[in-house]
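Notes follow once the structure below has been shown.
The values are calculated or read from the model by the stated rules, or taken from the named source; none is laboratory data. Bear in mind that the values here come from a model prediction, so they are computed numbers and not experimental data. Here the Cβ is made from the backbone with ideal geometry for all residues, glycine too, and neighbour counts use every protein chain on show.
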Amino acid sequence: MVALKDIYLIIRYKETTVDKNTLFNKIKEKYGILGLADVFYFEIKEDYKELKYSILWIPRNCQDMIKTCIDEMDDCEVSSASGTIKKAKKKILKMSGA
């Protein structure tokens, strides 16, 4: 049995935080119901509202699909990806200069 590895995407947004429902609807719009079946779980782990970053936890095999959906959104972008949440937090601090 192969274990699926998870990945943490670091999302930078301009005005409003990334909403799970908005991202869910974007995946449904672009890839349909089958796309949602592939992304059976994803979760916004941490929000750094004052720094305008969020950490999104997703399955590694869905990384490209979710990145494409986020890139098509006007108010946010994928800044980086990390294998652990600890590394993701360090990257946010480094990118924000905090």
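With respect to I92, is the statement that it is among the aliphatic types (A, V, I, L, M) and more than 19 Å from K5 (Cα to Cα) true? So I92 fits the description; yes. Take the range 8-67 and flag every residue that is in a helix (DSSP H, G or I), modelled with pLDDT of 80 or more and among the aliphatic types (A, V, I, L, M). L23, I27, M65, I66, listed by residue number.
Please specify each residue of the range 45-98 satisfying the condition of being β-branched (V, I, T) and under 19 Å from N21 (Cα atoms). Within the range 45-98, I55, I58, I66, T68, I70, V78 meet the criteria. Count of the range 75-96 residues, restricted to those that are under 12 Å from Y53 (Cα atoms) and either part of a strand (DSSP E or B) or touching a Cys at 6+ places or on another chain (Cβ under 9 Å) (or both), is 5.
Close contacts from the range 51-70, counting a first residue that is touching a residue at least 40 places away in the same chain (Cβ under 8 Å) and a second that is of a type in the set (S, T, Y) and part of a helix (DSSP H, G or I), with Cβ to Cβ under 9 Å and a gap of 6+ residues or different chains, come to L51/S96; K52/S96; Y53/S96; C69/Y31.
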